[in-house]
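Asker: Here it is, the structure, as structure tokens.
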Amino acid sequence: MTPVALALTVLLAPLGSAAVIALFLRRQGTLASAVSLAAALAIAVAGLGLALGGDAYRFNASAEWLKLGSFSLSLGFKFDDLAALMLSIVGIVGVCVHVFSLGYMHDDEAKARYFGGLSIFMFSMLGIVFADNLFMMFIFWELVGFSSYLLINHWHERAAPAAASRKAFIANRVGDFGFLLGIVMCYWANETVNLSELDALAAKDGLVFSALIPLLLFCGAVGKSAQLPLQVWLPDAMEGPTPVSALIHAATMVAAGIYMLCRINVLMVPDALTVIMWTGTATALYAALCAIVQSDIKKILAYSTLSQLGYMVAAFGLGSLAVAHGDHSHMVAAGVGAAMFHLTTHAFFKALMFLGSGSVIHGCHHEQDIFKMGGLKTKMPLTFATFTLGVLAIIGFPFLAGFFSKDAILYLAYAKNTPVFALLALTAVLTSFYMVRLWKITFLGAPRSDAAAHAHEGGLTLTLPLVVLAILSVFGGYTALYPKIFSEVFVLIPIAHGTDHMVILITSVAVTVIGAASALVFYKSAATDSLGAKSPGLFGAFTALQFSFDRGYDYYVAKVQQRFALFLNFLEQIFLAGLIVRGLAGIVGLVGLGARGLHVGRLNVYLYWFLLGLVILWIYATEIF
């Protein structure tokens, strides 16, 4: 099979699965889940075959879809090492989530619809991975948002998931509007949005650079990757099924924004990169502060995801800042490399922890409050062991996956921007604090509820994916274990031996130890939230910070947008509907009324009007001639 045919198979397999489920298996959940799992396995196997095939399986292929005058829209594939890495992540995590879903959604009455939604999402995400131009990427970008809406709203009979799905959809539409404007501006400036053609133009110094184009395109990443100020949708998206949170809102869809930035790095200019860098840094710190006061296990992980996505965005901006200093290729590659490296390791350990939280929720009979758990170490030993590895990976415990990718970003920040380095190091302390807090309260001590006391480990479908992802969370940071084609994507700044090396190493270990030790000491008793009990002012401040954006948006909608809408409605009723539409109709009616009054049916009256007309015509003719 040719590479193009194999890529088409990978792309169309989930679409075929979704179609079969929607048309024939809507009431046959077990069979629908088998079809969806088969498609996910096909994606993983064929995708890894493509990814590991080397140069022989790297290609560009496209076909014209739409032509309007000189404008042409093509659909095609750009399959390089970056796409190969992303395809492998989507395939591996997708299979793990599908297998986990077999057990987690076993008794769900709408299981067929759920697995159909997963297949639609896989098709949409793969379209982004393969897209060779920004218009095609935008089409699948919107499909990913639609898929997310469907899956968050899976339990649509409940008010909370329905509201959360609408919020996610609207927030993403705001970012996607900017993304679309950026695509249009890019085409207007460069007469192409094909990624390979943009690369060629940049190599020939024929690319039109503007800060507005990358910043508008970045709006798409702000929405999908939930960066400030559009981060409000992601915590609420936890209302969807937990496997959805693992696949979409931790490992793949939210990473699409980072992938897109890496795809368009040739368009970047220093001013835009500075904005991107500070947006990511602010998001990382903000989300970490919000995570400290959460009690819902999934929302802690959601804010953690926001924070880690901020790390990736900051890394991209940091690595590319050297554009202003001339060393374009190396530093752009360093930003892309550090961001993609952390994206890869994060996909493994965050998917592991989300699925681990799903195992906990399933074992505790759908309890999500960590303060009503406890004692799960002995009740759920396999979940405890794998979740522990995930926690150690994210806090940067030495020689686990997160240790290497986090250090790459910290070193990049240390080399390029000291204030950003300090803020990201502080964020790392907070990450270690809230993750150890989550781990200790959930798994250690005595059970604090009847649900925790009767917790139990799930079956093979719930535990096998945890083991696979735990292994990847341990070894995923060792780039020497990756095939050459993958490791070459992780182009990083070489860590110099000596002072710089020691600074980063000491900082990395110190932030991990300080945060973890603080959590272990501070949360000696897990019955209540110690931060809220001992420091109510600080707890209240962090809680207010969490809801500050929602309150701001609520105020804007109620006090600004709604009043402006009422004002426009007033103008419409008075001027458009009243003065223009009804006013003109009234004038015509008056003319008609007057005209009717002239027709009285008397010959002498018509004669008088005839004579008056002659006089007026005579006067007019006299004036002219």
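Asker: Hey, could you check region 134-167 for residues that are among the small types (Gly, Ala, Ser) and farther than 18 Å from residue 257 by Cβ and say which is surrounded by the fewest Cβ atoms within 10 Å (Cβ to Cβ)? Give the steps one after another, and end with the answer.
Answerer: Within region 134-167, the first condition is being among the small types (Gly, Ala, Ser), and the residues that meet it are 145, 147-148, 159-160, 162-165.
With farther than 18 Å from residue 257 by Cβ added as a condition, the list becomes 159-160, 162-165.
Details: 159: 9, 160: 11, 162: 15, 163: 14, 164: 22, 165: 23.
The residue in question is 159.
Asker: Would you mention how many residues in region 185-208 are assigned to a loop (DSSP other than H, G, I, E, B) and crowded, with 16+ Cβ neighbours inside 10 Å? Lay out the reasoning, then the answer.
Answerer: Filtering region 185-208 down to residues assigned to a loop (DSSP other than H, G, I, E, B) leaves 191-193, 204-208.
Next, only the ones that are crowded, with 16+ Cβ neighbours inside 10 Å stay: 192-193, 207.
The qualifying residues number 3.
Asker: Would you mention how many residues in region 367-417 are assigned to a helix (DSSP H, G or I) and over 21 Å from residue 238 (Cα atoms)?
Answerer: Step one: filter region 367-417 for residues assigned to a helix (DSSP H, G or I), giving 370-372, 376-379, 381-394, 401-416.
Still in the list and also over 21 Å from residue 238 (Cα atoms): 376-379, 381-382, 384-386, 388-389, 392-393, 401-416.
Here the count works out to 29.
Asker: Let me ask something else. Within the set of pairs 6 or more residues apart or between chains, which connect a residue that is open to solvent by less than 60 Å² (accessible area, probe 1.4 Å) inside region 533-544 to a residue that is not in a helix (DSSP H, G or I) with Cβ atoms less than 9 Å apart?
Answerer: Note: pairs meeting the criteria are 539/292; 539/293; 539/529; 540/293; 542/292; 542/293; 543/293.
Asker: Conditions first: (1) closer than 30 Å to residue 490 by Cβ; (2) in contact with a strand residue (DSSP E or B) (Cβ under 7 Å, 6 or more places away or on another chain). Residue 66 passes all but one, so which condition is the exception?
Answerer: All conditions are met except number (1).
Asker: Six or more apart or on different chains, Cβ under 6 Å: which pairs go from a residue in region 489-510 that's modelled with pLDDT under 85 to one that's not in a helix (DSSP H, G or I)? Could you list them?
Answerer: That search, which allows pairs on different chains as well, returns 501/495.
Asker: Follow-up question, since we're still on this one. Name the residues in region 367-397 that are crowded, with 21+ Cβ neighbours inside 10 Å, within 13 Å of residue 442 (Cα to Cα) and small (Gly, Ala, Ser), would you?
Answerer: 374
Asker: Restricting to region 398-411, name every residue that is modelled with pLDDT under 95, surrounded by 21 or more Cβ atoms within 10 Å (Cβ to Cβ) and over 17 Å from residue 307 (Cβ atoms).
Answerer: Across region 398-411, the qualifying residues are 404, 411.
Asker: In the set 458, 477, which member is in a loop (DSSP other than H, G, I, E, B), in contact with a His (Cβ under 7 Å, 6 or more places away or on another chain) and open to solvent by less than 40 Å² (accessible area, probe 1.4 Å)?
Answerer: Values: 477 fails: in contact with a His (Cβ under 7 Å, 6 or more places away or on another chain).
Within the list 458, 477, the selection yields 458.
Asker: A follow-up question, please. Of all residues in region 56-114, count the ones that are open to solvent by less than 50 Å² (accessible area, probe 1.4 Å), under 30 Å from residue 352 (Cα atoms) and either β-branched (Val, Ile, Thr) or without any contact (Cβ under 8 Å) to a residue 12 or more places away in the chain (or both).
Answerer: Adding up the residues that qualify gives 7.
Asker: Name the residues in region 1-17 that are among the hydrophobic types (A, V, I, L, M, F, W, C), open to solvent by 40 Å² or more (accessible area, probe 1.4 Å), within 20 Å of residue 57 (Cβ to Cβ) and in a helix (DSSP H, G or I), would you? Even if it seems obvious, please write down each step before you answer.
Answerer: Of region 1-17, the ones among the hydrophobic types (A, V, I, L, M, F, W, C) are 1, 4-8, 10-13, 15.
The next check asks that each one be open to solvent by 40 Å² or more (accessible area, probe 1.4 Å); those that pass are 1, 4, 8, 12, 15.
Filter once more, so that each one left must be within 20 Å of residue 57 (Cβ to Cβ): 1, 4, 8, 12.
Correct list: 4, 8, 12.
Asker: Only one of (1) more than 23 Å from residue 307 (Cα to Cα); (2) among the small types (Gly, Ala, Ser); (3) in contact with a Leu (Cβ under 7 Å, 6 or more places away or on another chain) is not met by residue 393, so which one is it?
Answerer: (1)
Asker: Among the residues of region 222-262, what is the count of those that are open to solvent by 10 Å² or more (accessible area, probe 1.4 Å) and either more than 29 Å from residue 465 (Cβ to Cβ) or of a type in the set (Phe, Trp, Tyr) (or both)?
Answerer: Of the residues in that region, 5 qualify.
Asker: Report whether or not residue 525 is open to solvent by 30 Å² or more (accessible area, probe 1.4 Å), part of a loop (DSSP other than H, G, I, E, B) and polar (S, T, N, Q). Show your work before the answer.
Answerer: Working: open to solvent by 30 Å² or more (accessible area, probe 1.4 Å): yes; part of a loop (DSSP other than H, G, I, E, B): yes; polar (S, T, N, Q): yes.
Considered against the rule, which asks whether it is open to solvent by 30 Å² or more (accessible area, probe 1.4 Å), part of a loop (DSSP other than H, G, I, E, B) and polar (S, T, N, Q), residue 525 comes out as yes.
Asker: Return the residues of region 418-435 that are at pLDDT 95 or above and open to solvent by 10 Å² or more (accessible area, probe 1.4 Å); say none if nothing qualifies. Spell out the reasoning first.
Answerer: Residues of region 418-435 at pLDDT 95 or above: 419-435.
Across region 418-435, the qualifying residues are 419, 421, 422, 423, 425, 426, 429, 430, 433.
Asker: Only one of (1) in contact with a helix residue (DSSP H, G or I) (Cβ under 7 Å, 6 or more places away or on another chain); (2) open to solvent by 60 Å² or more (accessible area, probe 1.4 Å); (3) under 25 Å from residue 449 (Cβ atoms) is not met by residue 514, so which one is it?
Answerer: (3)
Asker: Additional query: Looking only at region 416-439, decide whether some residue is farther than 18 Å from residue 352 by Cα, touching a residue at least 12 places away in the same chain (Cβ under 8 Å) and basic (Lys, Arg). Don't jump to the end; show me each part of the working.
Answerer: If we filter region 416-439 for residues that are farther than 18 Å from residue 352 by Cα, which is where we start, we get 416-430, 433.
Remaining after also requiring touching a residue at least 12 places away in the same chain (Cβ under 8 Å): 416-417, 420, 423-430, 433.
Still in the running and basic (Lys, Arg): 416.
Yes; the residues of region 416-439 include at least one that is farther than 18 Å from residue 352 by Cα, touching a residue at least 12 places away in the same chain (Cβ under 8 Å) and basic (Lys, Arg).
Asker: I would also like to ask the following. Can residue 15 be described as touching a residue at least 24 places away in the same chain (Cβ under 8 Å) and closer than 24 Å to residue 150 by Cα?
Answerer: Working: touching a residue at least 24 places away in the same chain (Cβ under 8 Å): yes; closer than 24 Å to residue 150 by Cα: yes.
It is true that residue 15 is touching a residue at least 24 places away in the same chain (Cβ under 8 Å) and closer than 24 Å to residue 150 by Cα.
Asker: Does residue 471 satisfy the condition of being without any contact (Cβ under 8 Å) to a residue 12 or more places away in the chain, closer than 23 Å to residue 393 by Cα and either surrounded by 14 or more Cβ atoms within 10 Å (Cβ to Cβ) or of a type outside the set (S, T, N, Q) (or both)? Steps first, answer last, please.
Answerer: On the way: without any contact (Cβ under 8 Å) to a residue 12 or more places away in the chain: yes; closer than 23 Å to residue 393 by Cα: yes; either surrounded by 14 or more Cβ atoms within 10 Å (Cβ to Cβ) or of a type outside the set (S, T, N, Q) (or both): yes.
Answer is yes for this residue.
Asker: Of the residues in region 102-126, how many are in contact with a Phe, Trp or Tyr (Cβ under 7 Å, 6 or more places away or on another chain) and under 23 Å from residue 350 (Cβ atoms)? Before you say what the answer is, go through the steps one by one.
Answerer: Here is the first cut: in region 102-126, the ones in contact with a Phe, Trp or Tyr (Cβ under 7 Å, 6 or more places away or on another chain) are 105, 108, 124.
Going one step further and asking which of them are under 23 Å from residue 350 (Cβ atoms), we end up with 105, 124.
Matching residues across region 102-126 total 2.
Asker: In region 18-30, which residues are touching a residue at least 24 places away in the same chain (Cβ under 8 Å) and open to solvent by 30 Å² or more (accessible area, probe 1.4 Å)?
Answerer: Of region 18-30, the ones touching a residue at least 24 places away in the same chain (Cβ under 8 Å) are 18, 21-22, 25-30.
Within region 18-30, 22, 26, 27, 28, 30 meet the criteria.
The values are calculated or read from the model by the stated rules, or taken from the named source; none is laboratory data. Keep in mind it's a predicted model, so treat the numbers as computed, not measured. In this analysis, Cβ positions are derived from the backbone assuming ideal geometry, glycine residues included, and neighbour counts consider all displayed protein chains. For accessibility, only protein heavy atoms count, side chains too; no ligands or nucleic acids. Shrake-Rupley method; radii C 1.70, N 1.55, O 1.52, S 1.80 Å.
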